[in-house]
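Encoded as structure tokens, the structure appears first; notes follow it.
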Amino acid sequence: MMEEERLRDRFRGAMLGVAVGDALGAPFEGMGMVNHAGLERLEAEPGPLRYTDDTHMTLGMAESLLERRGFDGEHMAMTFARNYRQEPWRGYGAGPPQVFRLLAQGITWDQAGSTLFGGTGSFGNGAAMRVTPAALVYYRHPQSVVSVAAQSALITHSHELGIEGAILQACAIAYLVQWDPGTPFNPAALLRLLEGVAPSPEFRRKLKRMVTLLPRAPLGEVTKEMGNGIAAHEAVPAALYAFLRNPNSFSKAVLYAISLGGDTDTIASMAGALSGAYLGESAIPLLWREEVESASRLRELADQLLELALEIDSQEEEHNL
């Protein structure tokens, strides 16, 4: 029971972390590096914590996994499209609505995304930003984490970098949510794990570079080396670095992610998911976790995702008997 309660705290932390980071970072999106005064204001008086498409699609992924008791590509794609039609004002980029129109025309869920950008597919960070629910459900099954992250990415992001970004974020969350609290955190261990699932030179170079940037490289050097844009191979390393630099503080990890500037909502959202998965809901400042939009819904979904994860574990154990 103690282990299950610890997992519940971490599942809730990851889901709330997505929304808190998203909402805090949204007002600064597209800006340069954010100054200290702006970050101080977020701690004392953050204002309405309204999430964007990052959390909206995360909710859609959770809803589909729960309704289908696992991954169903067509159902997930249609869930994304339905949610978009209900709340198109969440800040969606141009790509997902194009995919949703193609789905309505009969293009299959795993082909619509490949038509974007002249057939090369998107290498944006959209698949990585929403992947938290899949990482949680399959956290004890690494091959399934990789497989579901890749397949879910295909709905909107078929470029190998967009897919790989989703895999890296999912594997990191799955790793962190089961970290033994009695063992000191080791950033190098996580980076070694991620290097094993990151075949592209872009990601591998940045994962190796993180080792030398930790623990206290200047902000300008970090943004130069990691990036802070909408591309998966910029946003995912930036979020990971923000967490690794501040592994023991949710607020510091998220605020540091925002300080990098650029695609602040998504980078902070992914950093929040990582930090929440490791530290749990209890580490998120009370003001943030209570004021963020749909907090109760996020907790409810997190609890249901834990139930599904335990159900999948039980089925795997029975299968292996």
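The values are calculated or read from the model by the stated rules, or taken from the named source; none is laboratory data. In this text the structure is predicted, and so the values were computed from the model without any measurement. Note that each Cβ is placed from the backbone with ideal geometry, even for glycine, and that neighbours are counted across all protein chains shown. Accessible surface is based on the protein model in full, side chains and every heavy atom, while ligands, DNA and RNA are left aside. Shrake-Rupley method; radii C 1.70, N 1.55, O 1.52, S 1.80 Å.
Determine whether Gly182 is out of contact with any helix residue (DSSP H, G or I) (no Cβ under 7 Å at 6 or more places or on another chain), open to solvent by 50 Å² or more (accessible area, probe 1.4 Å), of a type in the set (Gly, Ala, Ser) and under 30 Å from Arg8 (Cβ atoms).
For Gly182, the condition - out of contact with any helix residue (DSSP H, G or I) (no Cβ under 7 Å at 6 or more places or on another chain), open to solvent by 50 Å² or more (accessible area, probe 1.4 Å), of a type in the set (Gly, Ala, Ser) and under 30 Å from Arg8 (Cβ atoms) - is met.
Evaluate the following for Glu43: is it surrounded by fewer than 21 Cβ atoms within 10 Å (Cβ to Cβ), charged (D, E, K, R) and either touching an Asp or Glu at 6+ places or on another chain (Cβ under 6 Å) or free of Cβ contacts under 8 Å to residues at least 40 places away in the same chain (or both)?
No: the conditions fail for Glu43.
Please note which helices (runs of 4 or more DSSP H) are completely contained in segment 117-195 and include at least 1 residues that are modelled with pLDDT under 95 and among the aliphatic types (A, V, I, L, M).
Because the criterion is at least 1 residues that are modelled with pLDDT under 95 and among the aliphatic types (A, V, I, L, M), the helices (runs of 4 or more DSSP H) in segment 117-195 that meet it are 187-195.
In segment 68-87, what residues are in contact with a helix residue (DSSP H, G or I) (Cβ under 7 Å, 6 or more places away or on another chain) and either under 23 Å from Ile284 (Cβ atoms) or surrounded by fewer than 14 Cβ atoms within 10 Å (Cβ to Cβ) (or both)?
The answer is Arg69, Glu87.
Considering segment 202-224 alone, what residues qualify as being closer than 23 Å to Ser147 by Cβ and open to solvent by 30 Å² or more (accessible area, probe 1.4 Å)?
Passing the criteria: Glu202, Arg204.
In segment 111-139, which residue that is of a type outside the set (Gly, Ala, Ser) and more than 21 Å from the chain's Cα centre (by Cα) is least open to solvent (accessible area, probe 1.4 Å)? Walk me through it before giving the result.
Step one: of segment 111-139, the residues of a type outside the set (Gly, Ala, Ser) are 111, 115-117, 120, 123, 125, 129-133, 136-139.
Narrowing the set further to residues that are more than 21 Å from the chain's Cα centre (by Cα) leaves 111, 115-117, 120.
Numbers: Gln111: 97, Thr115: 72, Leu116: 8, Phe117: 144, Thr120: 82 Å².
The selected residue is Leu116.
Looking at Leu161, Leu194, Leu154, Leu168, which is the one that is under 17 Å from the mean Cα position of the chain (by Cα) and surrounded by 24 or more Cβ atoms within 10 Å (Cβ to Cβ)?
After ruling out the rest, the residue left standing is Leu168.
May I ask you to list the residues in segment 43-94 that are of a type in the set (Gly, Ala, Ser), part of a helix (DSSP H, G or I) and more than 18 Å from the chain's Cα centre (by Cα)?
Ala44, Gly73, Ala81
Residue by residue through segment 260-289, note down the ones that are touching a Leu at 6+ places or on another chain (Cβ under 7 Å) and open to solvent by 10 Å² or more (accessible area, probe 1.4 Å).
Result: Tyr278, Glu281, Arg289.
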